[in-house]
Amino acid sequence: MARLQGPLLPFLHPCLESTLLRLHRPLNLLSLSLYPRRLQSTESASLEQPQTDTLSQISHLNPSPTDYGRTIFADKATVTLSAGSGGHGCISFLREKFIDAGPANGGDGGSGGSIYIQAVRGETSLHKLARRSIIRAGRGKNGQGKSKGGTRGEDVLVQVPVGTFVREVSRHDPIAEEEENRRLEEGSELVEGETRGTWRRDKWVLYPASTPSEYATAEFPPLPRPRRSNLMMAQPEPPIELDLSEPMEKPMLLAAGAMGGLGNPHFVSSSDRRPKFATRGEEGMSVTLELELKLLADVGFVGMPNAGKSTLLRALSRSRARVGDWAFTTLQPNIGTMVLDNSRGRPQVQVNRASGEPRTQISVADIPGLIPNAHLDKGLGLGFLRHVERAQVLAFVVDLSAGDVVEALNDLWKELGEFETLRGMETNMQTESRVVEWKAFSRSTSSASAHDGTVARNDENIIIEPSGSKSLTALPMAPISSKPWFVVATKADLEGTQANFAKLQAYLTALASGTVDHPSKRKNVWKGRLAAIPVSAIRGEGVDQIPEWTVGLLDD
């Protein structure tokens, strides 16, 4: 290829000069030595691939102390849901050629957005709602001229994990308050013959081109009654109490949006053909809800600190839980997912749920370590034990190299049994009715009135309610001792652990036959088949038996 000649190169076109220099540069002998390697057989590359996968698996199961992902978890949230307010009505008049003073043609305001809730399987925590204390739906748009109504406000969908319990704490309904005020002002029934109303800044919208003197002598019509949206018929009856234990195909309405204001055509009368006022949109209702996870995960790992729970979670899922050789590396539950069917062939375990849909995954919770006297609020204390009763199946993780595993298992059950006793006492205290007897108006108080918290004075009852904010009672949970459970013996690859594992198997056999009392000292315990699964979590050996055994207990 001939070199380009001319005085303009390479001053005007330096890119061409650099390209030509690369074309005339001699080939490097070192670069030629790489070609035969590329043309070699791929047999060596295929042999090196499993080694790379093994190294990546080891780095995942035995990572450095800084290689972990922080799990944001919350099993309880209090959130205020505010439905959207309605848009204001429009004050407009027809403007056309040869029409001096057109009639009113203002549109109505749009209704506010509604708030829905739906339980889905993809969610595992309530931390998204815990960070948002207030959730507001969109406000309806104002009406426009030419009788154009405003658009609806944007709806809000709140997605929560399956197993969430929703309870109402408080409610503010402006429409109900307005109706109550009208009843108090006008009597038990509203006055129908009223012909003149009063101007209220919070209810009326005035024409901006008018002067204040015009409204001083203007006659306002009676204020329309508060209007409710038809969607409110689909709301659950207050107070709201929902148990979302199954996934929902369709969302459920919690707070319907408010109605929009009326345009000025609604107030045309024989005396006022061109009304210069409209109504404002209704204020949206708000409800404060407490959401709590009744079911944390399908399986919960329970064990002493440094028993290998986080490493076991890494071996069963893609979780990046923190792993270390010190106690309390886990300070809050880590949620992982064991995939049974990845849609890439035959699933590992084929099983259907109670509803008939196939089970494709199992959620696992790595619960922080338990120390002696945890039921007395030592260590992580009651906050940890509250997570244990939210697991459907319990997996007791014991360390075969850390002493007697039978004693460790008994200590774990002892703490769970003591916590179950405390929960029973707390529930009884909350359900007891606080009766106030006041004998100032009468010499004697009937037993029936005292039982109802009232005091009788001749023909009237005085209700005595204790002051203070409304507090919700604890959720009714299934007893921990009645849950299915099994034992996972970790670090089984170490020397000298075979005798310890044989002792554990003998103890579980005696416990299943009834020759040994249950370590929790509780009645009505789960009486199923007990098993101990030896694993080496850091090597990923033996963990394949855990999903198969867990599925059988979930469907028990």
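The values are calculated or read from the model by the stated rules, or taken from the named source; none is laboratory data. None of the values given here were measured: they were computed from a predicted structure. When we count neighbours, we look across all protein chains shown, and the Cβ atoms used for this are built from the backbone with ideal geometry, even at glycine. Note: accessible area is taken over every heavy atom of the protein model, side chains too, but ligands, DNA and RNA are not part of it. Shrake-Rupley method; radii C 1.70, N 1.55, O 1.52, S 1.80 Å.
Solvent exposure of ARG322, expressed as accessible area, is near 90 Å², computed with a probe of 1.4 Å over the protein chains only. Sorting GLU179, GLU283 by solvent-accessible area of protein heavy atoms yields GLU283, GLU179, largest first, with a 1.4 Å probe. Our note on the geometry: Cα centres of the stretch 269-297 and the stretch 83-117, 17 Å apart. Ignoring lysines fewer than eight residues from LYS146 along the same chain, the ones with Cα atoms less than 26 angstrom from its Cα are LYS97, LYS203, LYS276. Taking Cβ atoms as reference points and 14 Å as the exclusive limit, the residues near TYR507 contribute a net charge of -3, counting Lys and Arg as +1 and Asp and Glu as -1.
Summing charges over neighbours of LYS294, with a neighbour being any other residue whose Cβ is under 10 Å away from its Cβ, gives -3 when K and R count +1 and D and E count -1.
Split the accessible area of the stretch 268-347 by element, probe 1.4 Å, and carbon with sulfur accounts for 42%. Each other residue within a Cβ distance under 13 Å of ASN181 adds +1 if Lys or Arg and -1 if Asp or Glu, for a net charge of -3. In this calculation the C-beta distance from LEU331 to ARG522 is compared with R0 = 30 Å, giving a FRET efficiency of 0.55. In a DSSP loop and with at most 13 other Cβ atoms within 10 Å, the trypsin sites (Lys or Arg not before Pro) in the stretch 127-190 are ARG131, ARG132, LYS146. For ASP202, the accessible area of its heavy atoms, probed at 1.4 Å with every protein chain present, is near 90 square angstrom. On a straight-distance basis, which lysines could pair with LYS128 in a cross-link, Cα separation under 18 angstrom, same-chain partners fewer than 8 positions away excluded? Output for LYS128: LYS76, LYS294. For the stretch 85-207, just say rounded, prolate or oblate: build the C-alpha gyration tensor, square-root its eigenvalues into a ≥ b ≥ c, call rounded for a/c under 1.5, and beyond that prolate if a/b exceeds b/c, oblate if not. Oblate shape, in that a/c is at least 1.5 and b/c is the bigger or equal ratio.
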